[in-house]
């Protein structure tokens, strides 16, 4: 199962009001290639939100799973059974946990975090990003998370993982990253959150980001 790549845009839907989340999702589902949800929406509205959103478009469960292999397996299985097309996990947990995620995915995709988009990511994970990227390739993950806020880091990860693995880049919009810069640096998808779901007109905002991406393709 692979996400479509029409717009190369992913919405990070961190809205915690379920009604608003679904309204935004309906408005942008025709523009974005997937919707990424995190714990805030699932904790406020329940895991059934995965299934409701999956009726509209591909859903990435950004649970950043970081645990022992058995727990990783249980989380990934549950997310996929509810309709998730992909699950994001941390790579620093090591090869056994990464392999457990891949084995549990049952046709869904697993993305491993090499480096997050906030400034604090530079303290620990950034210095090991390439190592974690190599580990992810060895363990068979489908792709990686690398920060749009630091396009040079996307290039570094791409140089390690090669052309066939996907790279998703968060940090576009509110965090200061530019979608077209992320794509130019080697990302397959740019992830945008507040700048779309918090906009007065989410559909127009999504189209604007799509246009920015298309300008470099």
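The values are calculated or read from the model by the stated rules, or taken from the named source; none is laboratory data. Just so it is clear, the model here is predicted, and its values are computed rather than measured. Cβ coordinates were reconstructed from backbone atoms using ideal geometry, including for glycine residues, and neighbour counts include every protein chain displayed.
Would you mind stating whether residue 71 is without any contact (Cβ under 8 Å) to a residue 24 or more places away in the chain and assigned to a helix (DSSP H, G or I)?
yes
Does segment 85-95 include one or more residues that are out of contact with any helix residue (DSSP H, G or I) (no Cβ under 7 Å at 6 or more places or on another chain), in a helix (DSSP H, G or I) and either modelled with pLDDT under 95 or surrounded by fewer than 24 Cβ atoms within 10 Å (Cβ to Cβ) (or both)?
Taking segment 85-95 first, the residues out of contact with any helix residue (DSSP H, G or I) (no Cβ under 7 Å at 6 or more places or on another chain) are 85-86, 88, 90, 93-94.
Imposing the further condition that a residue be in a helix (DSSP H, G or I) reduces the set to none.
Scanning segment 85-95, I find no residue that is out of contact with any helix residue (DSSP H, G or I) (no Cβ under 7 Å at 6 or more places or on another chain), in a helix (DSSP H, G or I) and either modelled with pLDDT under 95 or surrounded by fewer than 24 Cβ atoms within 10 Å (Cβ to Cβ) (or both), so the answer is no.
For residue 28, are the conditions met, namely being surrounded by 18 or more Cβ atoms within 10 Å (Cβ to Cβ), under 25 Å from residue 208 (Cα atoms) and in contact with a helix residue (DSSP H, G or I) (Cβ under 6 Å, 6 or more places away or on another chain)? It would help to see each step written out before you state the result.
Working: surrounded by 18 or more Cβ atoms within 10 Å (Cβ to Cβ): yes; under 25 Å from residue 208 (Cα atoms): yes; in contact with a helix residue (DSSP H, G or I) (Cβ under 6 Å, 6 or more places away or on another chain): yes.
It is true that residue 28 is surrounded by 18 or more Cβ atoms within 10 Å (Cβ to Cβ), under 25 Å from residue 208 (Cα atoms) and in contact with a helix residue (DSSP H, G or I) (Cβ under 6 Å, 6 or more places away or on another chain).
On the basis of being at pLDDT 95 or above, more than 22 Å from residue 33 (Cα to Cα) and crowded, with 24+ Cβ neighbours inside 10 Å, does residue 100 make the cut? Step through it out loud before you land on a result.
Numbers: at pLDDT 95 or above: yes; more than 22 Å from residue 33 (Cα to Cα): yes; crowded, with 24+ Cβ neighbours inside 10 Å: yes.
Yes; evaluated as a whole, the condition is true for this residue.
Going by the structure shown, is residue 157 in contact (Cβ under 8 Å) with a residue 12 or more places away in the chain, part of a strand (DSSP E or B), in contact with a helix residue (DSSP H, G or I) (Cβ under 6 Å, 6 or more places away or on another chain) and crowded, with 19+ Cβ neighbours inside 10 Å?
no
Considering only residues that are assigned to a strand (DSSP E or B) and over 21 Å from residue 132 (Cβ atoms), which ones fall in segment 161-189?
172, the sole residue that qualifies.
Can you pull out the residues in segment 110-134 that are in contact with a strand residue (DSSP E or B) (Cβ under 8 Å, 6 or more places away or on another chain) and farther than 15 Å from residue 75 by Cβ?
Quick first cut of segment 110-134, residues in contact with a strand residue (DSSP E or B) (Cβ under 8 Å, 6 or more places away or on another chain) only: 110-118, 125, 132-133.
Within segment 110-134, 114, 115, 116, 117, 118, 125, 132, 133 qualify.
Which members of segment 129-153 meet the condition of being in contact (Cβ under 8 Å) with a residue 40 or more places away in the chain, buried (at least 19 other Cβ atoms within 10 Å of the Cβ) and part of a loop (DSSP other than H, G, I, E, B)?
141, 142, 146, 148
Conditions: (1) within 22 Å of residue 183 (Cβ to Cβ); (2) touching a strand residue (DSSP E or B) at 6+ places or on another chain (Cβ under 8 Å); (3) at pLDDT 95 or above. Residue 3 meets all but one. Number of the miss?
(3)
Just one of the numbered conditions (1) surrounded by 14 or more Cβ atoms within 10 Å (Cβ to Cβ); (2) part of a loop (DSSP other than H, G, I, E, B) is not true of residue 2; which one?
The one condition residue 2 does not meet is (1).
When residues of segment 76-104 are filtered for being over 17 Å from residue 125 (Cβ atoms) and touching a residue at least 24 places away in the same chain (Cβ under 8 Å), how many remain?
18
Could you please tell me which pairs satisfy a Cβ distance under 8 Å, a separation of 6+ or placement on different chains, a first residue in segment 22-43 that is on the phi > 0 side of the Ramachandran plot, and a second residue that is outside any helix (DSSP H, G or I) and buried (at least 19 other Cβ atoms within 10 Å of the Cβ)?
Partner pairs satisfying both residue conditions: none exist.
If you scan segment 103-115, which residues turn out to be out of contact with any helix residue (DSSP H, G or I) (no Cβ under 6 Å at 6 or more places or on another chain) and in a helix (DSSP H, G or I)?
103 - this is the single residue of segment 103-115 that is out of contact with any helix residue (DSSP H, G or I) (no Cβ under 6 Å at 6 or more places or on another chain) and in a helix (DSSP H, G or I).
Take segment 45-68 and flag every residue that is touching a helix residue (DSSP H, G or I) at 6+ places or on another chain (Cβ under 7 Å) and part of a helix (DSSP H, G or I).
The answer is 45, 49, 50, 52, 53.
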